[in-house]
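Chemist: Okay, handing you the structure first.
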Amino acid sequence: MSVERAWQQASAAGVDEPTAERICDSHGAALFSLAHFVLLDRADAQRAVVSVIADVCIERDVARDEVGMRRRLAYLIFVRCLASRATVASLTAERAESPNPGGRGSARAMMASLGSLAGQQRASIALVRFGGFSYRDVAILLDLPAGEVARLLATGLRELAWAGSASPGGGEQDGRGRD
């Protein structure tokens, strides 16, 4: 189903459109990033975000504070992603194929780099960075010891930093400084 079709169905189901627009403006990019990091598929990520925002608006389950809302939406996105068959394969794979292995040094490249991390590392980083969760919260969500999540975060972030600095645009590989 396309994103447009999902919004049409949501509108027909009684979504409060001003609330949905406010949520999209405030949280849409972070929610999409979270879903994309977990699912590794743009279209599936878009559908997950539209579906969760529509559900929240239909149920009038809108938190008053932005931090609470971000965490609630991130949790719902993560649960929706876990329900996806694609997520099971993505999170249990030792390494995922990077969707853009050559282009690093930008936000898009960081997203591509995340595709090369093991599934639980990706989920941990995405939940902390885009969901606003602590490593202890992530440990509960992933059913892992808190120390293991801390290790996943540290090694994953180290790998991302190395990938960004060891490629064109990310550092000084040829020995010349930037002018």
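For (1) of a type outside the set (D, E, K, R); (2) outside any helix (DSSP H, G or I); (3) farther than 23 Å from L31 by Cα; (4) modelled with pLDDT under 75, each residue gets a yes or a no:
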{"position": "R70", "(1), (2), (3), (4)": "no, no, no, no"}
{"position": "S98", "(1), (2), (3), (4)": "yes, yes, no, yes"}
{"position": "A112", "(1), (2), (3), (4)": "yes, no, no, yes"}
{"position": "S116", "(1), (2), (3), (4)": "yes, yes, no, yes"}
{"position": "Q120", "(1), (2), (3), (4)": "yes, no, no, no"}
{"position": "R136", "(1), (2), (3), (4)": "no, no, no, no"}
{"position": "V149", "(1), (2), (3), (4)": "yes, no, no, no"}
{"position": "G169", "(1), (2), (3), (4)": "yes, yes, yes, yes"}
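Chemist: Here's something else I'd like to know. Which of the residues spanning the stretch 52-66 are assigned to a helix (DSSP H, G or I) and at pLDDT below 80?
Modeler: Restricting attention to the stretch 52-66, the residues satisfying the condition of being assigned to a helix (DSSP H, G or I) are 52-59, 66.
Hits for the stretch 52-66 are I58, E59, E66.
Chemist: Of everything in the stretch 130-152, what is within 14 Å of G119 (Cβ to Cβ) and not charged (D, E, K, R)? Give them in sequence order. Break it down into steps so the answer makes sense when it comes.
Modeler: Initial filter on the stretch 130-152 (within 14 Å of G119 (Cβ to Cβ)): 138, 141-144, 148-149, 152.
Listed by number, the residues that qualify are V138, L141, L142, L144, V149, L152.
Chemist: Quick one: in the stretch 5-22, of everything that is at pLDDT 75 or above and among the aliphatic types (A, V, I, L, M), which residue is farthest from D55 (Cα to Cα)?
Modeler: Taking the candidates together, the pick is A20.
The values are calculated or read from the model by the stated rules, or taken from the named source; none is laboratory data. Since the structure is predicted, the reported quantities are computational estimates derived from the model, not experimental observations. Note that each Cβ is placed from the backbone with ideal geometry, even for glycine, and that neighbours are counted across all protein chains shown.
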